[in-house]
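These notes concern the structure reproduced below.
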Amino acid sequence: MNFAVRCSNPPSYRIMIEKPTFEAMPQIMARLEEKVDALTETVGKLLQGAMAPMVVTAPEEMVTVKDAASILRLSVSRVYALVQEGRIPCYKPGRNLLFLPSELRMWMAEGLRKGQPSIEEQMEQMNKGMRNSAKDRRFI
């Protein structure tokens, strides 16, 4: 005997449920066991994949001003000047200046200038201070 359970959303979805007999129980149990084994294997693979990227690496060692100067190939006084201008990435816990070597290398590679806005940014700042009538008369 078949029972059809209809979903309320689309009428095309039907779930057919067979009423199990006593003779069919071993086959049904075998199918259920296979499905549970497949699910267990899938969950195990997912857990292995989720745990793989969770490898903890040691944090990068921070360096002092002297070490930063040697990494950047600059004098110590020039490093202090760059810090004061806000052009170099640094950390100041307390009275000490500390640097991450990876950030210093990235700063060198990109020519990072946090304190110097681009020409477009400077023009936008100048235009914000002008009245509306002056904005229409831009010089090209």
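Working from the alpha-carbon coordinates of the stretch 65-113, get Rg over Rh, Rh being the Kirkwood radius.
On the Cα set of the stretch 65-113, Rg over Rh gives 0.91.
Calculate, for residue 78 and residue 122, the FRET efficiency according to 1/(1 + (r/R0)^6) with r their C-beta to C-beta distance and R0 30 Å; round to the nearest 0.05.
Plugging the Cβ-Cβ distance into 1/(1 + (r/R0)^6) gives 0.75.
By average Cβ neighbour count within 10 Å, what is the ranking of 118-128, 88-98, 62-72 from highest down?
So the order, starting with the most tightly packed, is 62-72, 88-98, 118-128.
With a sphere of radius 11 Å drawn around the Cβ of residue 71, what net charge do the other residues whose Cβ falls strictly inside it have (Lys, Arg +1; Asp, Glu -1)?
+1
Any read-out appearing in this document is the output of simple, stated calculations on the displayed coordinates, not a laboratory observation. Please read all numbers here as calculations on a predicted model, not as lab measurements. No Cβ is skipped: glycine too gets one built from the backbone with ideal geometry, and neighbour counts run over all protein chains shown.
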